[in-house]
Each structure stands twice: as C-alpha cells, then as structure tokens.
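Read through the structure below, which is laid out as structure tokens, and then see the notes.
Taken together, the values in this text are just the output of simple stated rules run on the coordinates, not laboratory data. What you are looking at is a predicted structure, and each value in this text was computed from that prediction instead of being measured. FYI the Cβ positions are ideal-geometry reconstructions off the backbone, even for glycines, and counts take in every protein chain you see.
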Amino acid sequence: MQTISELVKAQKAASDLSYEALAQRAQSAGLGLTKQQLSDLANNRPKGWPKSADMVKALSIALDVPERTVVLAYAASFGIDVRETRSPFEVRLPATVSTLDPRMQDAILHVIRAATEGAETHEHDTEGQEQEPRAEASGAQPTQPSPMNRAGVSPAEDGLAARRRTRPAPVDRELAVAADDSPSVGRSMREAQDDAAEAPDAGGGWDGGA
C-alpha cells in the first residue's frame, strides 16, 4: 500500500497537473486545500492524522481517489500494516465510479473482461512458443569433443597415424605388371617337363608305322 507521500506523487504524475491545479479541484468543491499542503505531504512524512473528515474528502477529490484510499495511505505512512488486496488499477479507480449508470458500468466491465481474457490468451500462446524450441533443443544430442592425450592429440587421430605407419608402401604399377608376367621357378620347371614329354626319344626318329 502506498504512503500518503507516494500517493500524492503518483496521482500528480498520472494527472500531469501541478499542486496548485490539484488543490483547485478541492477548492471548487468548497473544501479548503492549498498547494503548499499537497507539497508538504509529497515531500515529508505526516506528523499526524488529518485534523478533520473534510481534509480527507478534500484530498480524495484533489487526488481523484476514494476517501478509503486516503485513510489507508495515512496509515501506511505510520507503519500500520494495511496491505492492499486490490490491484493498483483498482486502487486508482476514481471515487465517482460508483455514480455511473448501471448500463455504463456493465459496458466498462465487459471491456475489462475482454481485455484481460485476451491478455491471458496471448500469454499462454507466448509460453507455448517458448517451450517448443526448448523441446527441440533437448532432443538434439550435443557433439562431444574428442578427448586428448598428454601430447595434445586425440585417440582417433593417434590411431589413424598408427595405421598409416603400418600400411605397406605402394608398389609401382609397372613393377607390379612386370612381376605378374615374369615366370616363377615352379612354372619354369613344369614347362620344361612338358616339353621333354612331348619331344621324340633322343636315340631314334619317330616311327610312324605300327
């Protein structure tokens, strides 16, 4: 709950009026209130309760708040626990709101309900949009960096280097072809035996008769 000092400052800022203009509101209603009194309340803690009910009413009219709000603001200034259960918007409603025509009151209530329901729907949609990226982010598995050994090389890189060291050196293509075409020792012996078996006997010519 605002103190009377905070209430005067807040209502002055909200109305964008000077202390003199605020005091003239009460004076127009036939109540005594000066700009100096308002300035003192805004800048100093009150020394006591208002001296009369007319002062409470004058402040109520000047600040455009209910008389109850003025009394509670004074109580808060004295450290009395008067925590307000109403919202700041409700507190700021003018005292004359109860004099409105019932149909006008219903129309205002309809506008307030529509505005608050729209605000709740927008807040719910915003929360849903915030949760979707979080769910997508939680499904993605972060890439874990490869651990390093004492030399500052990862085991994967170290193993690859080892495989490269043990891999046989590449053979020149021409040498490989030549090696495939050159006869082996076993092949040479088999060819020699085949030639000797097909050749005629060394002692005489081949007899074609029976």
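Taking 0.36 nm per residue of sequence separation and removing the Cα-Cα distance, the A114/A53 pair yields an extension gain of 18.1 nm. Applying both filters, DSSP loop and at most 11 other Cβ atoms within 10 Å, to the trypsin sites (Lys or Arg not before Pro) of region 1-52 gives K47, K51.
What shape does region 1-123 have by the C-alpha gyration tensor, where a ≥ b ≥ c are the square roots of the eigenvalues, rounded means a/c under 1.5, and otherwise prolate means a/b greater than b/c and oblate the rest?
Prolate shape, in that a/c is at least 1.5 and a/b is the bigger ratio.
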